[in-house]
Amino acid sequence: MAATINARRMGRMEGEFVVFLIGMRVNRWWKFWQWLRVGGAMGRMLRELNEHEELGFLGAESWFGRTTVMVSYWRSMEQLLAYAKSKTHAHLPAWRAFNEVVGTRGDVGVWHETYRSRPGDHEAVYVNMPPFGLGNVGTALPAEGKHEGAAGRLANV
């Protein structure tokens, strides 16, 4: 576990990037084999993505509960979509298996949201945090000077 950095820092990412939120919701907890199957598929995809930098995956943060949330960062929309559609990587077979085994029966829900961020469209601030989020996958810099607020930080991106 990374050490807490007791300072005010900000995260930067050069150029365009993509923020991809994805998760799963356990709707019928007693059908544990269904949500374990979905979680296992995500684990396989994350291993693959972490082993192949050329796929464009930069990193992720995850939270677990009845509804899981993973915030991931990608170099480009093109790389994210290429991974999703690839017949030679883990996502497409996992998605087809989900639709075949779970489908719309309601045992497990899955969701995602995708956001493209262009230069000047994002800001990130961290205080008393270990490396995290955009400051972990991009560059974390000291946030020095006056406390200018989000509007001022966005103007300086």
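Counted by neighbouring Cβ atoms within 10 Å, the residues 8, 75, 47 run from fewest to most as 47, 8, 75. Each Lys and Arg adds +1 at its Cβ and each Asp and Glu adds -1 at its Cβ; summed about the Cα centre, segment 17-117 shows a dipole of about 460 debye.
For residue 110, the amide hydrogen comes within under 5 Å of the amide hydrogens of 25, counting only partners 5 or more places away or on other chains and with H modelled in the peptide plane.
Shown for 98, 57, 64: other C-beta atoms within 10 Å of each C-beta, ranked fewest to most, produce the order 64, 98, 57. From the Cα gyration tensor of segment 1-86, with a ≥ b ≥ c the square roots of its eigenvalues, which class applies: rounded if a/c is under 1.5, or else prolate if a/b is larger than b/c, or else oblate? Oblate is the answer for segment 1-86, as a/c is 1.5 or above yet b/c matches or exceeds a/b.
Counting neighbouring Cβ atoms within 10 Å and putting the fewest first, the residues 121, 107 line up as 121, 107.
The mean sequence distance of close C-alpha pairs (under 8 Å, at least 6 residues apart), as a share of the length of segment 17-117, puts its relative contact order at 49 percent. Rounded, prolate or oblate, given the Cα gyration tensor of the chain, with a/c below 1.5 counting as rounded? Prolate.
We did not get these values from a lab; they are worked out from the coordinates using the rules stated. These numbers were taken from a predicted model, which means no experiment stands behind them. Positions of Cβ are backbone-derived with ideal geometry, glycine not excepted, and every protein chain shown enters the neighbour counts.
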